[in-house]
Amino acid sequence: MTVALPRTRLLDRQEVAEGTMAFWFEKPAGFEYKAGQFADYTLIDPPESDAEGSTRGFTLSSAPYEPRLMATTRLRDTAFKRVLRTAPIGTELLLDAPYGSFTLHHNVTRPAVFLTGGIGITPVRSIVLQAVHDRTGHTIVVFTSNKHPKDAAFLDELGRLAEAQVNVVLVATMTRPETSEHGWGGETGYIDAAMLSRYVHDLATPIYYLSGPAAMVTAMRGVLNGAGVDDDEIRTEEFAGY
């Protein structure tokens with residue numbers, strides 16, 4: 001027997017970085033998920049479609065305690081995203097969720113270190129906000145890499161959170177800081193073992209979470225393996241196509 005998927009409604013949308021938009025949706029009654037999981041959204045009778053279809057999987061970038069669901073994505077020129085970014089507020093979509101196991105480990109004696117690139121920050125926002133809300137006690141270090149600050153979704157929000165929480169550290173690095181209109185005083189260049197060692201004193205202790213484009217995830221795994229970190233201590237979430 002086919003089970004009908006619940007419906008959700010588009011509530012709001014806002015550009016949260018250059019070429020990146022957040023969409024807020026109604027949380028269906030009784031809907032539960034873990035921070036870091038994702039959802040499939042399906043357009044109902046869209047005015048246009050293409051070979052990629054009318055369904056997309058997006059990280060639930062909202063934290064579970066928040067009253068609305070949020071999906072955050074780069075704005076490629078596809079039929080799905082053209083429809084979503086112009087759809088009237090109140091438009092209904094089908095919601096198939098939750099999925100995924102990119103979630104925070106339970107052992108609070110082991111720090112959580114996130115290595116993210118670009119849109120890979122989306123599950124991290126959910127995880128960090130929920131951990132702070134629940135007062136889990138984890139030590140959390142977030143490395144986030146972008147070309148320049150305007151590319152970096154949630155940079156200010158996570159920065160404020162890190163300033164307010166002694167157990168949360170945000171390390172933002174820009175690979176092309178010279179393109180920033182307002183300059184950049186933080187870390188520059190790609191995340192490497194030397195940068196990790198400046199903020200993580202014992203690289204063998206944490207659980208690592210790699211999140212971003214496939215090439216970035218592969219590169220970060222190589223950095224960690226080269227520093228002696230075993231694959232058993234590494235969890236990954238690859239973003240392809242956006």
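The values are calculated or read from the model by the stated rules, or taken from the named source; none is laboratory data. Only a predicted model underlies this, so the values are computations on that prediction, with no experimental measurement involved. For neighbour counting, all protein chains shown are included, and Cβ atoms are generated from backbone atoms with ideal geometry for every residue, glycine included.
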> Could you list, in sequence order, the residues of segment 5-41 that are of a type in the set (A, V, I, L, M) and in contact with a strand residue (DSSP E or B) (Cβ under 9 Å, 6 or more places away or on another chain)?
Replying inline: L5, L10, L11, V16, A17, M21, A22, A39
>> Conditions first: (1) part of a helix (DSSP H, G or I); (2) loosely packed, with under 15 Cβ neighbours inside 10 Å. K150 passes all but one, so which condition is the exception?
In response: (2)
> Checking A17 against (1) in contact with a helix residue (DSSP H, G or I) (Cβ under 9 Å, 6 or more places away or on another chain); (2) under 14 Å from A97 (Cβ atoms), which single condition isn't satisfied?
Replying inline: (2)
> Out of all the residues in segment 142-159, is one or more polar (S, T, N, Q) and over 19 Å from L104 (Cα atoms)?
Replying inline: yes
> What do you reckon, is V217 crowded, with 18+ Cβ neighbours inside 10 Å, more than 18 Å from I140 (Cα to Cα) and assigned by TED's automatic domain parsing to the domain that holds D156?
Replying inline: yes
>> Any residue at all in segment 102-117 that's of a type in the set (V, I, T), crowded, with 22+ Cβ neighbours inside 10 Å, under 13 Å from the mean Cα position of the chain (by Cα) and modelled with pLDDT of 95 or more?
In response: yes
> If you take the residues of segment 57-80 that are among the basic types (K, R) and at pLDDT below 95, which of them is nearest to the chain's Cα centre (by Cα)?
Replying inline: R74
>> Could you tell me how many of the residues in segment 53-83 are over 30 Å from A131 (Cα atoms) and either in the same structural domain as V128 (by TED's automatic domain parsing) or touching a residue at least 60 places away in the same chain (Cβ under 8 Å) (or both)?
In response: 1
> Among the numbered criteria (1) in contact (Cβ under 8 Å) with a residue 24 or more places away in the chain; (2) within 21 Å of G19 (Cα to Cα), which single criterion is violated by L94?
Replying inline: (2)
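Results for (1) of a type in the set (A, V, I, L, M); (2) assigned to a loop (DSSP other than H, G, I, E, B), shown as yes or no for each residue.
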position: L158; (1), (2): yes, no
position: E163; (1), (2): no, no
position: G183; (1), (2): no, yes
position: I191; (1), (2): yes, yes
position: L196; (1), (2): yes, no
position: L210; (1), (2): yes, no
position: A219; (1), (2): yes, no
position: V223; (1), (2): yes, no
> Quick one: how many residues across segment 199-241 are of a type outside the set (D, E) and without any contact (Cβ under 8 Å) to a residue 12 or more places away in the chain?
Replying inline: 5
>> For segment 80-101, give me each residue that is crowded, with 16+ Cβ neighbours inside 10 Å and either of a type in the set (V, I, T) or out of contact with any strand residue (DSSP E or B) (no Cβ under 9 Å at 6 or more places or on another chain) (or both).
In response: R82, V83, T91
> Identify, please: which residue in segment 1-32 is basic (K, R) and in contact with a Lys or Arg (Cβ under 7 Å, 6 or more places away or on another chain) and is, among those, surrounded by the fewest Cβ atoms within 10 Å (Cβ to Cβ)?
Replying inline: R13
> Looking at segment 5-23, which of its residues are among the aliphatic types (A, V, I, L, M) and assigned to a strand (DSSP E or B)?
Replying inline: L10, L11, V16, A17, M21, A22
